[in-house]
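> One structure, as structure tokens, below. Some questions next.
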Amino acid sequence: MTETNAALRIIIIGSRILPYRHAVDKNFWLEVIQELEARGHQVQVLSVTLEPVSEPTPYRCEYVRPVPVRLGGGSRFNEQYQYLRTTINYYSKTFSLVPIARSLRHHIQNERPDVIHFSSNYGPFMASLKPFVRGVPLSISANSYNGGSILYNPALMSSFLGFDAIVPFSDACARQVRGLGIPAHRVRTIRWGVDLDRFQPLSDAAREKARGDLGIQPGEKVVLWAGFLTQMTLEDFEFSIRAAELVLREAPRGWRFFFCLKPEHFDSRFRRFEKPGLTVVGTSDMFLRVQRAADVMLSPMTNLRSTAAPPLTWVECMAFGIPLVTTPLPGADEIVTDGRNGFLVRTPEEAAQRLMDACRSPERLADARREARRRIEERFALSVSVTDYINLWTSLAARGRSS
């Protein structure tokens, strides 16, 4: 799609947009912001962030302090990162609308933006922001759909009421948004995108070095699991552990499974799953090292009532030419064609069998790696995503000026 030429003044609001890579959805917006400014657009970021940030930002940014709310019950966050848990619940997000609105009113008065985009959803009371924006068009990302709760759909519908455009990341998410009763003309699918030059398959020599650095023996297959991704649960982790155990029981010397947890989710108790051929780690550096060496990514999501964006981690790994084994939740088929660039499975037993079948033939695995890369080139290029956002926002700004 051709990009319109007029420069835009854009405010982007989201949780934990930081000046360095740290979490995949935030990494996407970091790269979008940099690409927008490289194309001559003016971007002001309001990053709703609790932790202090000392690094300078390469873009204009104000850090808005959220209102933390501590809830009881279990948590996937370890003790060091409990502060994150206090700001991702909808109580915190709702109360945080007050400082967001205060900051937003200041920037609207001083910068007269053409459009305001929310990369994060702050709950069912977001329509209360409408009086603060003075007619500036509003758009919002719809990263995923997690139906199940009786209150989920009404709350999600309410959160979208004040927006001129809702932007799902997949066609499956778009269908769910329209199913809430949102008019089709207000729903515009724009997929995640990755920098195809930055994320590309390694040379054979680079892959062999990465494998050697991890102590991988010749002929061993490397399987990567990463989590917890958005929508991923402990049940999904256990599904993957079971699949790994089945493979290792069948071929104990030919496989290496690496379960790479995010630092905020890692806990020493996960070490109890370790055994020969199965390693559990909890650092970002280790994830990146395994990603460079991986033959396949195992990433099931067993709640088939949810809808995949799909996760940006899938996109980045497939850009490296890593085939994906996942479950057939809505949206997964937009990135995985079963049997070509990955596999869609329903049980740990099926996942184990498909892993072994795929890796038994070097030619078949090489074909799957090429097809994984091709799918990302066709559907998930960052340059296309940014152009689509620019065209959407230009259209919204034109309508806003004429009304």
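> Nearest 10 degrees, 0 to 90: what angle lies between the long axis of helix 234-250 and the longest principal axis of the chain (Cα atoms)?
Tilt relative to the chain: about 20 degrees.
> Could I ask something else about it? Within a Cβ distance under 11 Å of ASN303, other residues only, what is the Lys/Arg minus Asp/Glu net charge?
Net charge in that neighbourhood comes out at -1.
> For the chain, set up a GNM with springs between Cα atoms under 10 Å and report which of PRO137, PRO310, PRO154 has the largest fluctuation.
PRO154
> Within the chain, what percent of beta bridges assigned by DSSP are antiparallel, to the nearest 5?
5 percent
> I would also like to ask the following. What is the Cα coordinate range of the chain on the first, second and third principal axes, sorted by size from largest, in whole angstrom?
Principal-axis extents of the chain (Cα, largest first): 66, 49, 42 Å.
> Compute the long axis of helix 204-213 from its Cα atoms, compare it with the longest principal axis of the Cα atoms of the chain, and write down the angle in degrees, 0 to 90, nearest 10.
80 degrees
> Using a simple charge model, +1 on the beta-carbon of Lys and Arg, -1 on the beta-carbon of Asp and Glu, nothing else, what dipole does the range 204-379 show about its Cα centre, in debye to the nearest 20?
Its charge dipole is roughly 320 debye.
> Here's another thing I want to ask about it. What net charge do the residues around GLU220 carry, taking every other residue with its C-beta under 11 Å from that of GLU220, with Lys and Arg at +1 and Asp and Glu at -1?
+3
> Relative contact order for the range 204-379: what percent, with Cα pairs under 8 Å and sequence separation of 6 or more?
22 percent
> Related question: If I stretch the segment between ASP338 and ILE88 completely, what's the gain in nm (0.36 nm per residue apart, minus their alpha carbon distance), one decimal?
86.6 nm
> What is the helix-to-structure angle for 284-293, meaning the angle in degrees between its Cα long axis and the longest Cα principal axis of the chain, kept from 0 to 90 and rounded to the nearest 10?
Around 50 degrees separate the two axes.
> Take the alpha carbon gyration tensor of the range 204-379, find the square roots of its eigenvalues, order them as a ≥ b ≥ c, and report rounded if a/c is under 1.5; if not, report prolate when a/b exceeds b/c, else oblate.
In terms of gyration-tensor shape, rounded.
> Rank ASP164, ASP213, ASP267 by mean-square fluctuation in a GNM of the chain with C-alpha springs under 10 angstrom and give only the top-ranked residue.
Looking only at ASP164, ASP213, ASP267, the biggest GNM fluctuation is shown by ASP213.
> Quick check: pseudo-label points 7 Å beyond the Cα along Cα→Cβ at GLU62 and ARG21, how many nm apart are they?
Between GLU62 and ARG21, the label points sit 3.1 nm apart.
> Further question: Using Cα springs under 10 Å in a Gaussian network model of the chain, which residue among SER92, SER268, SER120 shows the largest mean-square fluctuation?
Its mean-square fluctuation being the largest, the pick is SER268.
> Next question, about the same structure. Please name whichever of TYR91, ALA7, SER170 sits farthest to the positive end of the charge dipole of the chain, dipole taken about the Cα centre and charges placed at Cβ: Lys and Arg +1, Asp and Glu -1.
TYR91
> So, one more: On a straight-distance basis, which lysines could pair with LYS275 in a cross-link, Cα separation under 17 angstrom, same-chain partners fewer than 8 positions away excluded?
LYS221
> Another one. Contour minus end-to-end for ALA366 and ALA251, with contour as 0.36 nm per residue of separation and end-to-end as the Cα-Cα distance?
Stretched fully, the ALA366-ALA251 segment lengthens by 39.3 nm.
> Rounded, prolate or oblate: which one fits the range 1-130, using the alpha carbon gyration tensor with axes a ≥ b ≥ c (rounded when a/c is under 1.5, else prolate when a/b beats b/c, else oblate)?
prolate
> Put a dot 7 Å past each Cα toward the Cβ at ARG374 and GLU208; how far apart are the dots in nm?
Those two pseudo-labels are separated by 2.7 nm.
> So, one more: Under a Cβ-only charge scheme (Lys and Arg +1, Asp and Glu -1), can you give me the dipole magnitude of the chain about the Cα centre, in debye to the nearest 20?
Charge dipole, the chain, about its Cα centre: 760 debye, nearest 20.
> Here is a further query. Mean residue ellipticity at 222 nm from the helices of the chain, using -39,500 (n - 2.57) per DSSP H segment of n ≥ 4 over the full residue count, to the nearest 500 deg cm²/dmol?
One gets -12000 deg cm²/dmol as the mean residue ellipticity at 222 nm.
> Related question: Among DSSP beta bridges lying fully in the range 204-379, give the percent that are antiparallel, nearest 5.
If we restrict to bridges inside the range 204-379, about 5 percent are antiparallel.
Each reported figure results from applying straightforward, stated rules to the coordinates on display, with no laboratory input. What you see is a predicted model, and the numbers here were worked out from it, not measured in a lab. Backbone-built Cβ (ideal geometry, glycine too); neighbour counts: all protein chains shown.
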